[in-house]
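Q: So that we are looking at the same thing, I have put the structure below in structure tokens.
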Amino acid sequence: MNTYANTVNGQPVVSDKTFESFNPATGEAIGRVPISTHQQVKDAIAAARAAQPAWAARPDAERKALMMKMAEVIKNNGEELAGWVTREQGKPLGGVGPDQVPGARFEIWGCEAWTQVPASLDLPVEVVYEDDTRRDEVHRKPFGVLAAIAPWNWPLLIAIWQIVPSIRAGNTVVIKPSEYTSIGTLELVRLINEVLPPGVVNTVSGAGEVGAWLSTDPGIDKVMFTGSAATGRKIAEAAGRNLIPATLELGGNDAAIMLPDADPKAMAMGLFWGAFINTGQTCACAKRLYVPESLYDSTVQALKELAEAMPMGDGFKEGMAMGPIQNKMQYDKVVNLVESAKAQGGTIVTGGKPQGGPGYFYPLTLVTGLKDGDRLVDEEQFGPVLPIIKYHTVDEAIASANRLDAGLGASVWSADVNKAKEVASQIQAGTVWINQHGMIHPMVPFGGVKGSGYGVEFGQEGLKAVTRPQVISIRK
Ligand code: NAD
């Protein structure tokens, strides 16, 4: 079995201690990952620090051109990287039909897009005030060295979201992938180091302890974190102590609300993928669906038909739409929440029984008959289970959407966009989609409110977020 290396200052770095990474579809060990020592974390930060001034001093056009080359490297190695995503994370390589399912190749395509778009954005100097006596300009400066800490659900795409705007703006980065999905990211960073100057993007690897060393180090100027709210709070505390900013993309418990004029049949496919993309392991999945009594049975039926038609299995097999849950911890959480739903009076419409090994497969599961306050409604399942909750008035559905300490996304489904917008404006979430759910885009800012974190990624706003403003004030 291969042992993979970190990349620091453009060079491979191994560690005395390693751990095994496993394929969640088969349980097989697929490679060994170094456990970075505290000193190795410090060395990676020092390498990023040393590389940063020269990187920031390069003309914008040069940095942009290098990032376009980086996108080419990702494209040219797309099959190999997609293979790592399937082998390590579990999502199907291609999915059903030509690119119809957002699987591993889709993730790599996303990596390319989310590299090319920030590479083509600019941060022009803004003249915020000018009269006969003075001219005030806002310039955008990089922070310096950014720590990036990533989760396991979209391992390469989220790494790219953290890395690319940061380096576009002239920062350098040390990234730690999730311990569940490290190899793909180590390989991605090794490959992009073929075109980037040494030290611009570095990796360390290991579990939470390594993440803590990285995010609390006084040599870090900003932390980009995507993961659970519990870890997000620790990161925010450390950032507070060090007086540095953080972007926190934490969990969600997105509500999807169907208005009484919605057409369940026409909307079922969008709702289905909104809830079950990546087997439900997506931060901005629809995690509770609110449906008026008049549409309840037809909505449940339409979703049931889709859920039962979606093939689930090893992502390397042709034609799979769904893969396994990525790890045992998450699998156990899903099993536990479904069992609690049964105990709290929920009805299993489809799924609801663990499939048995090998692999952490759990069937697509729809649950009716639950209400606000039941665990499966109130807790983030982050897996292939959707509670469908009946509501009586739209105001009641809005109150339901807003009652939890989460506010990443939400969606409103209706034949009348203006009516849907009115409802959307009352929902406490970073994004409210209308007649779609989770449809992120590299030009559109994305981030949460309340317990889902703060700060945004993507687009112009996301690029600004990895810079600090500097005012140059000129007397005339
Ligand atoms: P997690 O918080 O357990 O781990 C995320 C990362 O943090 C890992 O790399 C881990 O090693 C590291 N880490 C753990 N303890 C740490 C510490 N004390 N200091 C620094 N780093 C530490 O989360 P997870 O289980 O990997 O991800 C699942 C969660 O992430 C879900 O709640 C999901 O909703 C959320 N998520 C959010 C988004 C988003 O964009 N909002 C995207 C994906 C996942």
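Q: Check the stretch 334-356 and report whether any residue there is of a type in the set (Gly, Ala, Ser) and in contact (Cβ under 8 Å) with a residue 60 or more places away in the chain.
A: no
Q: Is the stretch 234-245 home to any residue that is within 18 Å of the chain's Cα centre (by Cα), touching a residue at least 12 places away in the same chain (Cβ under 8 Å) and near the ligand (Cβ under 8 Å from one of its atoms)?
A: Yes.
Q: Take the residues in the stretch 177-187 that are open to solvent by less than 10 Å² (accessible area, probe 1.4 Å) and more than 17 Å from the chain's Cα centre (by Cα), then tell me which one is farthest from Trp152 (Cα to Cα).
A: Leu186
Q: Further question on the same structure: Step by step: first the residues of the stretch 204-224, then only those that are farther than 18 Å from Ala5 by Cα and within 7 Å of the ligand (Cβ to nearest atom), then the one that is surrounded by the most Cβ atoms within 10 Å (Cβ to Cβ). Which residue is that?
A: Ranking the qualifying residues of the stretch 204-224, first place goes to Ser215.
Q: Could you list all residues from the stretch 1-18 that are in contact (Cβ under 8 Å) with a residue 40 or more places away in the chain and either of a type in the set (Val, Ile, Thr) or in a strand (DSSP E or B) (or both)?
A: Asn6, Thr7, Val8, Gln11, Pro12
Q: Still on this structure, I have one more. Could you list, in sequence order, the residues of the stretch 1-42 that are charged (D, E, K, R) and not assigned by TED's automatic domain parsing to the domain that holds Pro92?
A: Result: no residue meets the conditions.
Q: Further, regarding this structure: Which residue, of Gly462, Gly383, Gly451, is surrounded by 14 or more Cβ atoms within 10 Å (Cβ to Cβ), within 16 Å of the ligand (Cβ to nearest atom) and not in a helix (DSSP H, G or I)?
A: Only one candidate passes the filter, namely Gly383.
Q: Further question: Out of curiosity, is Gly184 in a helix (DSSP H, G or I) and farther than 26 Å from Leu66 by Cβ?
A: Judged against the criteria, Gly184 is not a match.
Q: Oh, and also: Would you pick out the residues in the stretch 246-269 that are assigned to a strand (DSSP E or B), more than 26 Å from Asp43 (Cβ to Cβ) and within 11 Å of the ligand (Cβ to nearest atom)?
A: Selection gives Leu248, Glu249, Asp254.
Q: Return the total of residues in the stretch 330-349 being open to solvent by 30 Å² or more (accessible area, probe 1.4 Å) and closer than 11 Å to Pro387 by Cα.
A: Looking only at that region, the number is 3.
Q: What are the residue pairs meeting all of these: first residue in the stretch 197-219, first residue at positive phi, second residue in a strand (DSSP E or B) and more than 9 Å from the ligand (Cβ to nearest atom), Cβ atoms under 9 Å, and 6 or more apart or on different chains?
A: Gly199/Val8; Gly199/Thr172; Gly206/Phe19; Gly206/Val33; Gly206/Pro34
Q: Restricting attention to the stretch 249-267, which residues are out of contact with any strand residue (DSSP E or B) (no Cβ under 7 Å at 6 or more places or on another chain) and more than 17 Å from Asp416 (Cα to Cα)?
A: Hit for the stretch 249-267 is Gly251, nothing else.
Q: Can we say Phe272 is away from the ligand (no atom under 16 Å from the Cβ), modelled with pLDDT of 95 or more and open to solvent by less than 10 Å² (accessible area, probe 1.4 Å)?
A: yes
Q: Looking only at the stretch 390-446, which residues are under 23 Å from Leu463 (Cβ atoms) and assigned to a loop (DSSP other than H, G, I, E, B)?
A: Leu408, Ala429, Gly430, Gly438, Met439, Ile440, His441, Pro442, Met443, Val444, Pro445
Q: Among the residues of the stretch 327-370, count how many are part of a strand (DSSP E or B) and of a type in the set (Asp, Glu).
A: Looking only at that region, the number is 0.
Q: A further question follows. Give the residue that is farthest from the ligand (Cβ to nearest atom), with candidates limited to residues of the stretch 176-199 that are of a type in the set (Val, Ile, Thr) and under 18 Å from Glu112 (Cβ atoms).
A: Val195
Q: Return yes when Asp378 is over 20 Å from Gln301 (Cβ atoms), open to solvent by 30 Å² or more (accessible area, probe 1.4 Å), at pLDDT 95 or above and in contact with a Ser or Thr (Cβ under 7 Å, 6 or more places away or on another chain) and no when it is not.
A: no
Q: Let me ask another. Output the residue which, of all residues in the stretch 79-121 that are at pLDDT 95 or above and among the polar types (S, T, N, Q), is surrounded by the most Cβ atoms within 10 Å (Cβ to Cβ).
A: Gln89
Q: List every residue pair whose Cβ atoms sit under 6 Å apart, with the two residues 6 or more apart in sequence or on different chains, where the first one lies in the stretch 426-454 and is closer than 10 Å to Gly409 by Cβ and the second, anywhere, is assigned to a helix (DSSP H, G or I) and aliphatic (A, V, I, L, M).
A: Ile427/Ala401; Val432/Ala424
Q: Listed residues Val174, Val201, Val164, Val195; which is open to solvent by 30 Å² or more (accessible area, probe 1.4 Å), hydrophobic (A, V, I, L, M, F, W, C) and under 25 Å from Gly110 (Cα atoms)?
A: Val195
The values are calculated or read from the model by the stated rules, or taken from the named source; none is laboratory data. None of the values given here were measured: they were computed from a predicted structure. Because the Cβ atoms are built from the backbone with ideal geometry, glycine has one as well, and the counts that use them run over all protein chains shown. Keep in mind that these areas ignore ligands, DNA and RNA; they rest on the heavy atoms of the full protein, side chains included. Shrake-Rupley method; radii C 1.70, N 1.55, O 1.52, S 1.80 Å.
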